[in-house]
Amino acid sequence: MDDFDLRGMTVILRVDINCPLRQGTMQIGDDNRIKQIMPTLRELVEKQAKVVIIAHQGRPGDWDYCSLDQHAHLLSRYLGKKVRYVDDLYGDEALDAIRSMSPGEALMLKNVRELSCEQDKKGMDEHAQEEMVQRLASVADLYVSDAFGAAHRSHCSLVGFQAVLPSAAGRLMEKELNALSSVFDEPRRPCIFVLGGSKFSDSIKVIDRVLTKKVADFVILVGLSANAFLKARGVDLGQDSEEILSKEFTPENLEAAKVLLHERGEHILLPLDVAVDQEGTRLDLMVDDLPNDFPIYDVGPRSIEMFCDVIENAGTVFMSGPAGVFEREEFSIGTRRLMEAAVRSEAYTVIGGGHTVSAAENFGLYSRFSYVSTGGGALETYLLGKTMPVVEALKAAYRREQGKKRSI
Ligand code: 3PG
Ligand code: MG
């Protein structure tokens, strides 16, 4: 955004303000993503751009697919200035509204997911042929992408405009990519990854990647990922816990976990003890005392102590996935204590993922992390080292504009 003189420019601002809604009332439950795009919106408005916001909420057919008028309402409240909602995307109503804007105004268009091309995975050039891109680009000067949360999607409004308009990353996109680069590119040592949650097939790939590339010095495993690795080490967890694991635990995953333990075992820290739910009560027991008939819902106190020690002495900490069923007070101890250790340390700390962020909010620790990512699927894609179509499209637009400047 620093590269452009924004005054009077018509800017298409694509954001990801896809928010969790309250079932029943359909009201926005958590508006964090809206708050996080405010620096970009505020800067564009203050610099006298005409800001045309495009966003999505849910997908057609899903219960959380709805109009964006309440999103516009919240944007207006945080901006302290009306963000008009226009119930059209690229028809005459939308184009007339855009043409009649004054510098320093912002408006919000209809939920872009009503378009079928918005769910098609295509390249930027192909998407650029769509009527939405053609018509909106004809009245715009610049495209700004602040949609980090959707950066793993190659949908029309996310990658198509970069083919036809000069384009820039918004402030949130910039912050997200800088934070991830601080973890992945030159992390302060030691760099500790704490991985938990329930998607351990992804965790296996992430562990492999961060250890092979020597991003992480140690990976601490908690949650179901830890259980999966304990099982790979030959531990019999007990019927309930094994059943919970079984959904995602394919023979390939088991093999991959075994190979990782064999080749990189000294960099993978597993729990020494766990907490099971004994008919509604927390019972701590050593891993050596497994199997147990009750399900494992948290890591135990000795593991917490050992992990906190590692985290407190870290230079960089990245956390994704809770350590246990933190929604229940008695099983929230692991997640809470590991987070407390992270924010107490001198380390650069980054957390991400819907559950992890909501745990941090519940514990009142949100603002004490160095960075909290708005990405769920996008963050996972980044962690797995896959390309991010939105970032690639921004880079392509940048190279094209630089090329034009050189040829002048
Ligand atoms: C998300 O919340 O995951 C992003 O907004 C992308 O939405 P999607 O998962 O429906 O594509
Ligand atoms: Mg999603």
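Counting the residues of segment 106-154 that are assigned to a loop (DSSP other than H, G, I, E, B), among the polar types (S, T, N, Q), surrounded by fewer than 23 Cβ atoms within 10 Å (Cβ to Cβ) and within 16 Å of ligand 1 (Cβ to nearest atom) gives 1.
Only a single criterion out of (1) out of contact with any helix residue (DSSP H, G or I) (no Cβ under 7 Å at 6 or more places or on another chain); (2) surrounded by fewer than 15 Cβ atoms within 10 Å (Cβ to Cβ); (3) farther than 22 Å from Glu186 by Cβ is not satisfied by Lys386, namely (3). Taking segment 35-47 as the range and being surrounded by fewer than 24 Cβ atoms within 10 Å (Cβ to Cβ) and farther than 20 Å from Ala94 by Cα as the test, the residues that pass are Lys35, Gln36, Met38, Pro39, Arg42, Glu43, Glu46, Lys47.
I'd like the full set of residues that are more than 19 Å from Gly315 (Cα to Cα), within 16 Å of ligand 1 (Cβ to nearest atom) and of a type in the set (A, V, I, L, M), limited to segment 358-382. Ala378, Leu379, listed by residue number. When the test is whether a residue is away from ligand 1 (no atom under 15 Å from the Cβ) and surrounded by 21 or more Cβ atoms within 10 Å (Cβ to Cβ), Ile351 passes it. Identify, from the list Asp3, Asp69, the residue that is in contact with a strand residue (DSSP E or B) (Cβ under 7 Å, 6 or more places away or on another chain), within 15 Å of Ala106 (Cβ to Cβ) and surrounded by fewer than 16 Cβ atoms within 10 Å (Cβ to Cβ). Every option except Asp69 fails the conditions. In a residue-by-residue description of segment 65-78, the property of being within 16 Å of ligand 2 (Cβ to nearest atom) and modelled with pLDDT under 95 applies to no position. Of all the numbered requirements in (1) closer than 23 Å to Leu237 by Cβ; (2) in contact (Cβ under 8 Å) with a residue 60 or more places away in the chain, Asp298 misses one, and that requirement is (2). Set side by side, the residues Arg7, Arg22, Arg33 differ, and just one is of a type in the set (D, E, K, R), away from ligand 1 (no atom under 12 Å from the Cβ) and touching a Gly at 6+ places or on another chain (Cβ under 8 Å), which is Arg22. Can you tell me which residue is farthest from Met306 (Cα to Cα) among those in segment 328-358 that are touching a residue at least 60 places away in the same chain (Cβ under 8 Å), touching a helix residue (DSSP H, G or I) at 6+ places or on another chain (Cβ under 6 Å) and of a type in the set (Val, Ile, Thr)? Filtering segment 328-358 for residues that are touching a residue at least 60 places away in the same chain (Cβ under 8 Å), touching a helix residue (DSSP H, G or I) at 6+ places or on another chain (Cβ under 6 Å) and of a type in the set (Val, Ile, Thr), the one farthest from Met306 (Cα to Cα) comes out as Val350. For segment 312-332, taking the residues that are assigned to a helix (DSSP H, G or I) and out of contact with any strand residue (DSSP E or B) (no Cβ under 6 Å at 6 or more places or on another chain), the one that is surrounded by the most Cβ atoms within 10 Å (Cβ to Cβ) is identified as Glu312. Being at pLDDT 95 or above, within 20 Å of the chain's Cα centre (by Cα) and of a type in the set (A, V, I, L, M, F, W, C): is that true of Ala179 here? Against the criterion (at pLDDT 95 or above, within 20 Å of the chain's Cα centre (by Cα) and of a type in the set (A, V, I, L, M, F, W, C)), Ala179 qualifies.
For segment 36-48, the candidate set comprises residues that are of a type outside the set (D, E, K, R) and either assigned to a helix (DSSP H, G or I) or in contact (Cβ under 8 Å) with a residue 60 or more places away in the chain (or both); within that set, the residue that is farthest from ligand 1 (Cβ to nearest atom) is Val45. Evaluated against (1) part of a helix (DSSP H, G or I); (2) within 19 Å of Leu172 (Cβ to Cβ); (3) away from ligand 2 (no atom under 16 Å from the Cβ); (4) among the aliphatic types (A, V, I, L, M), Ile351 falls short on exactly one condition, (1).
Six or more apart or on different chains, Cβ atoms under 6 Å: show the pairs whose first residue is in segment 91-116 and over 23 Å from Asp5 (Cα atoms) and whose second is modelled with pLDDT of 95 or more and small (Gly, Ala, Ser). Every condition considered, the pairs that remain are Leu109/Ala94; Val112/Ser157. Of all residues in segment 363-389, those that are under 19 Å from Ile311 (Cβ atoms), charged (D, E, K, R) and within 16 Å of ligand 2 (Cβ to nearest atom) total 0.
The values are calculated or read from the model by the stated rules, or taken from the named source; none is laboratory data. Quick caveat, the model's predicted, so the values are computed rather than measured. Every residue, glycine among them, receives a Cβ derived from its backbone with ideal geometry; neighbour counts consider all protein chains shown.
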